[in-house]
1. Filtering region B:109-147 down to residues that are among the polar types (S, T, N, Q) and within 10 Å of chain A (Cβ to nearest Cβ), which residue is nearest to C:P333 (Cα to Cα)?
2. Could you please find all residues in region B:67-117 being of a type in the set (D, E, K, R) and without any contact (Cβ under 8 Å) to a residue 40 or more places away in the chain?
3. Working only within region B:6-42, note down all residues that are within 20 Å of the chain's Cα centre (by Cα) and in a helix (DSSP H, G or I).
4. Can you pull out every residue in region B:71-99 that is more than 25 Å from A:A4 (Cα to Cα) and either within 10 Å of chain C (Cβ to nearest Cβ) or surrounded by 19 or more Cβ atoms within 10 Å (Cβ to Cβ) (or both)?
5. How many residues, within region B:253-310, are among the hydrophobic types (A, V, I, L, M, F, W, C), closer than 22 Å to B:F201 by Cβ and in a helix (DSSP H, G or I)?
6. Could you run through region B:230-252 and say how many residues are within 10 Å of chain A (Cβ to nearest Cβ), more than 15 Å from B:T198 (Cβ to Cβ) and in a loop (DSSP other than H, G, I, E, B)?
7. Mind counting the residues in region C:302-336 that are away from chain B (no Cβ under 14 Å) and closer than 16 Å to C:V250 by Cβ?
8. Among the candidates B:D14, B:D5, single out the residue that is surrounded by fewer than 21 Cβ atoms within 10 Å (Cβ to Cβ), within 11 Å of another protein chain (Cβ to nearest Cβ), at pLDDT 90 or above and farther than 24 Å from B:M342 by Cα.
Amino acid sequence: MCLAIPGKITAIKEGIAEIDYGGASREASVELVPSAKAGDYVLVHAGFAIQILKTEDALATLEEFRKINAAV
Amino acid sequence: MPQFDKAAALEMADGIKKLVPPAGLSLMEVCGTHTFAIAKSGLRQLLAPHIRFLSGPGCPVCVTAQEDIDRALLLAREQDVIITTFGDMVRVPGRTGSLESLRREGADVRVVYSPLDAVTLAAHTPAKKVIFIGVGFETTAPAVAVAVMHAARRNLKNFFVFNLLKTVPAALRQLLDAQGLKVDGFILPGHVCAVIGTKPFNFLAEKYNIPCAVSGFEPQDILLAVTMIAAMKKSGRAQVQNAYTRVVAEEGNAKACEMVERVFLPCRAKWRALGEMDATGLALRKEFSRFDAAVNFSLPAVLSCEPSACRCGEVLLGKINPAQCGLFGKQCTPSAPVGPCMVSSEGACAAAYHYGG
Amino acid sequence: MADNKEVVCMAHGSGGARSRALVQELFLRYFTSPALARLEDSTVCKVSTGRIAMTTDSYVVTPLEFPGGDIGRIAVCGTVNDLSVKGAAPKWLTCAFIIEEGFELSRLENILRSMKAAAGEAGVEIVTGDTKVVQRGQADGLFITTAGVGEVADGDELSFDLIHEGDAIIINGPVGGHALAVMNARHGFGLKGDIKSDVAPLNALCRNMARAGGLHCVRDLTRGGLAAALNELAQSAKLDFTVSEENIPVEPAVASGCALLGLEPVYLANEGKIIAFVSPEKAEAALAAAKNSPYAKDARIIGRVGAKGGRVFLDTALGATRVLRTGETEQLPRIC
């Protein structure tokens, strides 16, 4: 129900952002994330940025897993 | 740059298998995108037989009532209409064909990526009536809401939404109360939660004592969510935990929720196989009724029955897996689907057909 | 030079004076075969081998022009490639046009120019042709049908019968770009970036690989993409194939564009990609030979042929193994 991918805002003009997905880019509305600015990573669904992403390194989930495993 | 790789996946899978009781765990995911991701990445095979994934009613195409599909087809046959739709709906079979087959017969049916594209099309083709088929859950509702607001701002007289939007939490409540669903845990839809936050799902842990984890869609996200549920199960805790913190905040996206509130209100909706359920749909508010296709086009009460041998309903409830339906892979295949679970690439049956498991 | 405002009309297809004028003034400027210039009902060709390969295809792509190519280039390369993958050396092409009344002559000229370039690169001659004009609405602008003849020397013929357990499966480069470029152009999905058709003639590539030895079978990856080609061959050869997800090349822009729209590169059509089945001891040599071609810089081994069966398996990036089926229907963007 929720195909959405992360992309980086490269420019914003009147509520429409140019978003770079790593090689391909497309416009998306940033009306739903009014505090987003150029340089932010956002999650985009159906032409709308729906959330600003917190940066996390690639192995954060593995580290989280190890913490949980150790605690059980 | 460190990547999540096979070794990491194996470490997590092994860890999960050790956490899980001898009988294993049945976990329901309620998002078609999860069904797809689990099948495609091979997670189903990696975690079997310790973890059994049940696909819940999370594919918006799969839960669209047959009669709503038939109404969409009626709209496609209207004069001077352009149907705009997400690709997901194009091949869904109704009683009289599909949007795709109607296009072959001359209907103007166009796939769009965003509801905003439908609004732009309406602005550019004033002689035509542009109807957007609005399927989706809470992830998509804000986009449709903003599109309607744009149409209002631009004073468009030829833009309409055939609104089939649905909401998840109340549907899960219904599954547990009335339909006898039994699961060990829920993998909650990460992008729905990105919009509405995690609180609307707290009742699953508080009232039903079922551990839940909000999950993203990369394999590592799903593995973390499964780990969290397994750990909660082991220690006898039931909570809604968040395995997708880079995207999901407990309070969700307030602005997005505000947009939805402004344009829609909760309503009773008819779901395929689950029947009518209170507070599981979104209806356009009266002030936006000029954009409501159901109000502006005369759609008769269409009585459709779902094909009798079709067991999509039981698949949607996680009661059977696709292979247990007698039509699976025989009369019902992706190129000739009988029910919606086979049409959508993330319907449980399509996923099982293409990716096995 | 054709006037920008001039268009094709019904008389151009009627076989009379205007037909002949169109052919002589426009087509023959770009299709320069001396045999064709005779404008006879048939063209006679001298064949140097005992057997020939023949193929035909109709090209109805919309839009007619897209990043990386156009219908003309595909019409030449598609037929050249169908011959090449059979082990034939493509020599002669036929070319039949069905043109919609009102089609701009300048646009037609661009397509002919494109076909000339493709034919020149492939070293094939267009030796006979036909032109018909239909009323508005009866053709999507332009349809092109080409047939091709190639010479097959003894021992050169490739076939799925020759595929053996243990064969390496080699691909010449990244997949999905063509279909994504065309879909983006047709539907106006608004994707920007390095997304273009890979349409190219692959006869030189196939010839180089054949010379390295051990080449058993080649297949081009058109409709249905890599997944369809693998499945068709696995079923024909009655052998199981296993390919590795990590080894299937996809360009970053294509991967991103597909991720955004919800498409899978392995199911998307290509017009410049092949898979080749090579005996294991010759695999490295075949790879090296392939990389001499500008269309195979990124060639690599993606998998192996297994034992009796007929299915295709994918080793996923996670280390699990699952079935890879043909995607049964045309891929469409999705939100779910």
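The values are calculated or read from the model by the stated rules, or taken from the named source; none is laboratory data. All figures in this text were calculated on a predicted structure; none of them were measured in a lab. In this analysis, Cβ positions are derived from the backbone assuming ideal geometry, glycine residues included, and neighbour counts consider all displayed protein chains.
1. First pass over region B:109-147, keeping only residues among the polar types (S, T, N, Q): B:114, B:120, B:125, B:139-140.
Keeping just the survivors that are within 10 Å of chain A (Cβ to nearest Cβ) gives B:114, B:139-140.
Working: B:S114: 11, B:T139: 17, B:T140: 15 Å.
For region B:109-147, the residue satisfying everything is B:S114.
2. Initial filter on region B:67-117 (of a type in the set (D, E, K, R)): B:67-68, B:70-71, B:77-78, B:80, B:88, B:91, B:95, B:100, B:103-105, B:108, B:110, B:117.
Of everything in region B:67-117, those that are of a type in the set (D, E, K, R) and without any contact (Cβ under 8 Å) to a residue 40 or more places away in the chain turn out to be B:R77, B:E100, B:R103, B:R104, B:E105, B:D108, B:R110, B:D117.
3. B:G32, B:T33, B:H34, B:T35, B:F36, B:A37, B:I38, B:A39, B:K40, B:S41
4. B:R71, B:A72, B:L73, B:L75, B:A76, B:V81, B:I82, B:P93, B:G94, B:S98
5. 5
6. Count: 1.
7. 2
8. Working: B:D5 fails: at pLDDT 90 or above.
Just a single option satisfies the conditions, and that option is B:D14.
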